[in-house]
Amino acid sequence: MSEKTEKEAFAPVKLSVNRKEHTVSVDATTPLLWVIRESLGLTGTKFGCGMALCGACMVHVDGEAVRSCVTPVSDVLGKEITTIEGISTDGGHPVQKAWIEEEVPQCGYCHSGQIMSAAALLASNPTPTDADIDDAMGDNICRCGTYQRIRRAIHRASKLMAEGGKK
Amino acid sequence: MIEIRNVSRRDFLKTGAALGGGLMLGFSLPFLHSSGEAAGPAGSTSSLNAFVHIGTDGTVTIVANHSEMGQGVYTSLPMLVAEELQCNWKTVRVESAPVDPAYNHTQWGIQGTGGSTSITSEWDRLRKVGATAREMLVAAAAETWKVDKATCRAENGAVIHSSGKKLSYGELAEKAAKMPAPKDVPLKDPSTFQLIGKSIPRLDTPEKTTGQAQFGIDVTIPGMVTAVVARPPVFGGKVVSFKADKAKAVPGVKDVVQVPSGVAVIATGFWAAKKGRDALEVVWDDGPLAKLSTEGLREEYAKLAQTPGAVAEKRGDYQEALKKAAKVVTAEYDVPYLAHAPMEPLNCVVDLKPDRCEIWTGTQFQTADWDGATRVTGLKPEQVKIHTTLLGGGFGRRANPQSDFVVEATHVAKAVKKPVKVMWTREDDIKGGWYRPMWHDRITGGLDSAGNLIAWRHTIVGQSIMANTPFEGDMVKNGVDETSVEGARGMPYAIPNILVDLHSTKLAVPVQWWRSVGHSHTAFVVETFIDEMAHAAGKDPFELRRILLAKQPRHKAALELVAERAGWGKPPAEGRSRGIALHKSFSSFIAQVAEVSVNASGKVRVHRVVAAVDCGRVVNPNTIEAQMESGIVFGLTAALYGAITFKDGRVQQGNFNNYPMLTIDEMPQVEVHIVPSKEHPTGTGEPGVPPIAPAVANAIFAATGKRIRRLPISVDDLKKS
């Protein structure tokens, strides 16, 4: 099948990603992950399992942490999608800062998803307890085992946000 | 920029035999000058040698010849160079080396990353690289000023004359590149180190928090298509026939081609390729393993363990000693096949043209991949380039002796005649083989009437990972694969009568090194059995080890440190029990104490792990702590959950639902204590793994009185009836 006929095969889909409008021609059942990565070229969001089991693909849809590997594009039409590339312009989100200060990543592959989950947690609960962190982060797998640092970094980000709020 | 010199594609095979044998390639400083292409940094730069480029703006680019898979080498290797180079650390950036013999491992004679050897193998070379470059910069300054070199010193990215005149490295770079490389440069006294020994923040952290870090899976090249491959559901199986109509009917699917490893579905992107593969109809010949079952294999292994194997170690006469023993204990152990399951599923991008081939992938084994791609394409080695991206985890999987994922991707590229990215799904990855072998161990120990351990017989049954690899000649001696018995042969404990023997089984299940290799099973077996013997002798497991380690100062020091920091001998918190284990691997000495509780339903909770590590001189303490945390999670995941099993020849696991990983809510508090040392630095990437399973198993015994002799730990067995 040629590129042309394939494009014609699908109605254009409008998506708002990182506060920018995009029009893509894809099968509306395609998981959001592949549209973000392949159609839009935003590769910070990762593929890990394809079954909503690992959290590497976490993005925000209207501010909620959502696993893009099992979310069909048709589910997010008209909604605001934020990826790791969109949570700050300069890596300056408190969670990103805390991740650097606590030297969290090892291989780094899962951390876009970890950061997106942590940012969503802190947005709804600015001072999470360890139990809150367990609940919110329990489905984000890190094969390198950086969990201890993730926990520390979330507490640190919470403090950074509180300090930022005082200014 | 990097020219390929004096290499034949068979060099890998010839020199590969040096793994562990200590082939030390001569230290050379090829004078490579930037021609603005290939791996070199952009802009005007001067190459002082294969590992250091200095830009006219003073940027110091250090070329890392070991792959970054999380272990921190993109920071620690540059630290070795920068320490001697006397540059400003803030000007340092790192890039991955192309494949070239200049970047071969100093001990293996091929380019690769593994065996926890990056720092230990580069400790001398990269410091010499930095010192040589520094001396060339000093010489360039001295010549510019027409002064004696001895009146100049290098400091913080500049050469300073005794008169106070100063030239920055950027200003000196071009001239320095033309200076002769001095031989036998002086290295700094360790007491003057400014970087080595400090927790320098990792250079790759910022990009790993913004989504900018480039892994193999993130590579896109113009005109690229995506492929997924249908592979035989049984190892050793083959394609009989396939029908592609339904696959080709999936919008986006462009082609379906047969390759040696299976049938590749080619599409505009991953989702279409995967849907195409779902629709593909393949008739498979399952081959000789069609009936393979884990249960059957375990029974066979257990039978074999009762017959004599190839002798790996013999000390004294264990049979005579057993006759005199007052108490004899025998135990049998089983550990399963394990998948590496790196978070980034395997993938490989290949751009094959008639006269060249470029490959982008996260690999640990560049020379093997180079050899593999050269063989498949029929090109000359200098026509094949490999770009090593960041690795989303490796754990050994991305150092494949057959170069499986690169060879397959090259075959696909050859068939489709387009740039192609071959992607593996999680299921492909977990079902794809190259596992840590399944092992069965049988140990008999004998105590004399005073409770001294006088006899030890350990029989090991499992597949050899070195068989049929370039390393077989060096690593398999008299029927004994060193990696099958490492950690069981040459135990540090003073036991007068020992026999260790091995049955190497032959099976078409592909096996490979998995983080900590043979130690991943021998530490579990040896350290739980030592614990069992201590209890049989009525001795404290820590004290028994101490006595048996009287002549092993480094083992003993790590053991004593962990006991002290863990509060061994004092009661643990209410409801918790402790277990201790000690294991030397990759020349590092690691002791761990685990604090666990077991609830009524048999669920094990590991609350706290204290680790003591002696890995020689410390390069980056924070990285060492991180690797211990990481190794503990990796080993604990395997101990609690890890198992690849077979039924009717098929792998029964496929994703994180049935091959689960430890999660944050199960993370123990990990405390790492480093034994100060002036010894040569040794491994840290793997040695944190082996002691955790026995430490936890011994703690479970302390909690429940039940011995763990099979992994993963069975919740059912620990359930209170």
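The values are calculated or read from the model by the stated rules, or taken from the named source; none is laboratory data. Just so we're clear, the structure is a prediction, and the values are computed from it rather than from any experiment. Counting neighbours? That spans all protein chains shown, and the Cβs are built from the backbone with ideal geometry, glycine included.
Just one residue in the set B:Val129, B:Val99, B:Val94, B:Val63 is assigned to a strand (DSSP E or B), in contact (Cβ under 8 Å) with a residue 60 or more places away in the chain and not aromatic (Phe, Trp, Tyr); that residue is B:Val94.
Could we say that B:Ile495 is at pLDDT 95 or above, closer than 24 Å to B:Glu300 by Cα and part of a loop (DSSP other than H, G, I, E, B) here?
Details: at pLDDT 95 or above: yes; closer than 24 Å to B:Glu300 by Cα: no; part of a loop (DSSP other than H, G, I, E, B): yes.
Against the criterion (at pLDDT 95 or above, closer than 24 Å to B:Glu300 by Cα and part of a loop (DSSP other than H, G, I, E, B)), B:Ile495 does not qualify.
On the stretch given as segment B:544-560, residues that are touching a residue at least 60 places away in the same chain (Cβ under 8 Å) and either buried (at least 19 other Cβ atoms within 10 Å of the Cβ) or assigned to a loop (DSSP other than H, G, I, E, B) (or both) total 5.
What residue, among those in segment B:682-721 that are within 30 Å of B:Thr113 (Cβ to Cβ) and of a type in the set (Val, Ile, Thr), is surrounded by the fewest Cβ atoms within 10 Å (Cβ to Cβ)?
First pass over segment B:682-721, keeping only residues within 30 Å of B:Thr113 (Cβ to Cβ): B:682-696, B:711-712.
Those still in the list that are of a type in the set (Val, Ile, Thr) too: B:682, B:684, B:689, B:692, B:696.
On the way: B:Thr682: 23, B:Thr684: 32, B:Val689: 32, B:Ile692: 32, B:Val696: 29.
Filtering first and then ranking leaves B:Thr682.
For the condition closer than 23 Å to B:Asp717 by Cα, surrounded by fewer than 24 Cβ atoms within 10 Å (Cβ to Cβ) and facing another protein chain (nearest Cβ under 8 Å), B:Asn657 qualifies. Scanning segment B:54-68 for residues being surrounded by fewer than 24 Cβ atoms within 10 Å (Cβ to Cβ) and within 22 Å of the chain's Cα centre (by Cα) gives a total of 0. Of the strands (runs of 3 or more DSSP E) lying entirely inside segment B:280-371, the ones with 1 or more residues being of a type outside the set (Gly, Ala, Ser), in contact with a Ser or Thr (Cβ under 9 Å, 6 or more places away or on another chain) and exposed (fewer than 14 other Cβ atoms within 10 Å of the Cβ) are found at B:281-285, B:327-335.
Of the residues contained in segment B:109-117, one or more are found to be touching a residue at least 24 places away in the same chain (Cβ under 8 Å), more than 27 Å from A:Pro105 (Cα to Cα), not assigned by TED's automatic domain parsing to the domain that holds B:Arg397 and not in a helix (DSSP H, G or I). Counting only residues that are under 30 Å from B:Pro342 (Cα atoms) and in a loop (DSSP other than H, G, I, E, B), segment B:503-543 holds 12 of them. The single condition among (1) of a type in the set (Phe, Trp, Tyr); (2) free of Cβ contacts under 8 Å to residues at least 40 places away in the same chain; (3) in a helix (DSSP H, G or I) that B:Trp568 does not satisfy is (3). The set of residues from segment B:658-713 being in a strand (DSSP E or B) and of a type outside the set (Lys, Arg) comprises B:Gln669, B:Val670, B:Glu671, B:Val672, B:His673, B:Ile674.
Counting only residues that are buried (at least 20 other Cβ atoms within 10 Å of the Cβ) and either outside the structural domain of B:His535 (by TED's automatic domain parsing) or touching a Lys or Arg at 6+ places or on another chain (Cβ under 9 Å) (or both), which one in segment B:667-681 is farthest from B:Gly567 (Cα to Cα)? Show your work before the answer.
Going through segment B:667-681, the residues buried (at least 20 other Cβ atoms within 10 Å of the Cβ) turn out to be B:667-668, B:670, B:672, B:675, B:681.
Then drop every residue that is not either outside the structural domain of B:His535 (by TED's automatic domain parsing) or touching a Lys or Arg at 6+ places or on another chain (Cβ under 9 Å) (or both), which leaves B:667-668, B:670, B:675, B:681.
Working: B:Met667: 20, B:Pro668: 17, B:Val670: 14, B:Val675: 17, B:Pro681: 28 Å.
The extreme case among them is B:Pro681.
Can you find, within segment A:25-44, the residue that is farthest from A:Arg143 (Cα to Cα) among those that are at the interface with chain B (Cβ under 7 Å from one of its Cβ atoms) and of a type in the set (S, T, N, Q)? Here the residue is A:Thr30.
The numbered conditions (1) under 23 Å from B:His411 (Cα atoms); (2) within 14 Å of another protein chain (Cβ to nearest Cβ) are all true for B:Asp286 except (2). Is there a residue being of a type in the set (Gly, Ala, Ser), surrounded by fewer than 21 Cβ atoms within 10 Å (Cβ to Cβ), touching a helix residue (DSSP H, G or I) at 6+ places or on another chain (Cβ under 7 Å) and not in a strand (DSSP E or B) anywhere in segment B:639-654? Yes, there is a match, as at least one residue in segment B:639-654 is of a type in the set (Gly, Ala, Ser), surrounded by fewer than 21 Cβ atoms within 10 Å (Cβ to Cβ), touching a helix residue (DSSP H, G or I) at 6+ places or on another chain (Cβ under 7 Å) and not in a strand (DSSP E or B). Taking segment B:368-398, which residues are among the aliphatic types (A, V, I, L, M), touching a Phe, Trp or Tyr at 6+ places or on another chain (Cβ under 7 Å) and farther than 29 Å from A:Gln106 by Cβ? Residue satisfying the conditions is B:Val384 alone. Among what's in segment B:561-613 and is over 16 Å from B:Asp531 (Cα atoms) and among the acidic types (Asp, Glu), pick the residue that is surrounded by the most Cβ atoms within 10 Å (Cβ to Cβ). Only one residue tops the list, namely B:Glu564. The criterion of being in a helix (DSSP H, G or I), at pLDDT 95 or above and of a type in the set (Asp, Glu) holds for B:Glu135.
Residues A:Leu33, A:Leu53: which one is surrounded by fewer than 23 Cβ atoms within 10 Å (Cβ to Cβ) and within 15 Å of the chain's Cα centre (by Cα)? Let's see the steps before the verdict.
Working: A:Leu33 fails: surrounded by fewer than 23 Cβ atoms within 10 Å (Cβ to Cβ).
On inspection, the qualifying residue turns out to be A:Leu53.
Consider segment B:191-226. How many of its residues are touching a Phe, Trp or Tyr at 6+ places or on another chain (Cβ under 9 Å), more than 8 Å from chain A (Cβ to nearest Cβ) and either free of Cβ contacts under 8 Å to residues at least 60 places away in the same chain or not polar (S, T, N, Q) (or both)? Residues flagged as touching a Phe, Trp or Tyr at 6+ places or on another chain (Cβ under 9 Å), more than 8 Å from chain A (Cβ to nearest Cβ) and either free of Cβ contacts under 8 Å to residues at least 60 places away in the same chain or not polar (S, T, N, Q) (or both) within segment B:191-226 amount to 6. When segment A:54-98 is filtered for residues that are free of Cβ contacts under 8 Å to residues at least 24 places away in the same chain and within 11 Å of chain B (Cβ to nearest Cβ), the ones remaining, listed by number, are A:Ser88, A:Thr89, A:Asp90, A:Gly91, A:Gly92, A:Gln96.
Restricting the search to segment B:392-421, which residues are touching an Asp or Glu at 6+ places or on another chain (Cβ under 7 Å) and either within 14 Å of chain A (Cβ to nearest Cβ) or assigned to a loop (DSSP other than H, G, I, E, B) (or both)?
Narrowing segment B:392-421 to residues touching an Asp or Glu at 6+ places or on another chain (Cβ under 7 Å): B:392-393, B:403, B:406, B:416, B:419.
Correct list: B:Gly392, B:Gly393, B:Ser403, B:Pro419.
Within segment B:169-204, the residues that satisfy the criterion of being part of a helix (DSSP H, G or I) and touching an Asp or Glu at 6+ places or on another chain (Cβ under 8 Å) are B:Gly170, B:Lys175.
Restricting attention to segment A:7-22, does a residue exist that is within 7 Å of another protein chain (Cβ to nearest Cβ), at pLDDT 95 or above, under 14 Å from the mean Cα position of the chain (by Cα) and within 16 Å of A:Ile87 (Cα to Cα)? Outline the logic, then answer.
Of segment A:7-22, the ones within 7 Å of another protein chain (Cβ to nearest Cβ) are A:9.
Retained after the next criterion (residues that are at pLDDT 95 or above): none.
Looking for residues that are within 7 Å of another protein chain (Cβ to nearest Cβ), at pLDDT 95 or above, under 14 Å from the mean Cα position of the chain (by Cα) and within 16 Å of A:Ile87 (Cα to Cα), one finds none in segment A:7-22, hence no.
Just one of the listed residues (B:Val129, B:Val92) is aliphatic (A, V, I, L, M), surrounded by fewer than 24 Cβ atoms within 10 Å (Cβ to Cβ) and more than 19 Å from B:Gly394 (Cα to Cα), namely B:Val92. For segment A:99-136, filtered to residues that are facing chain B (nearest Cβ under 7 Å) and touching a residue at least 60 places away in the same chain (Cβ under 8 Å), the residue that is farthest from B:Val689 (Cα to Cα) is A:Ser112. Checking each residue in segment B:133-191 for being acidic (Asp, Glu), surrounded by fewer than 20 Cβ atoms within 10 Å (Cβ to Cβ) and within 36 Å of the chain's Cα centre (by Cα) picks out B:Glu155, B:Asp184, B:Asp189.
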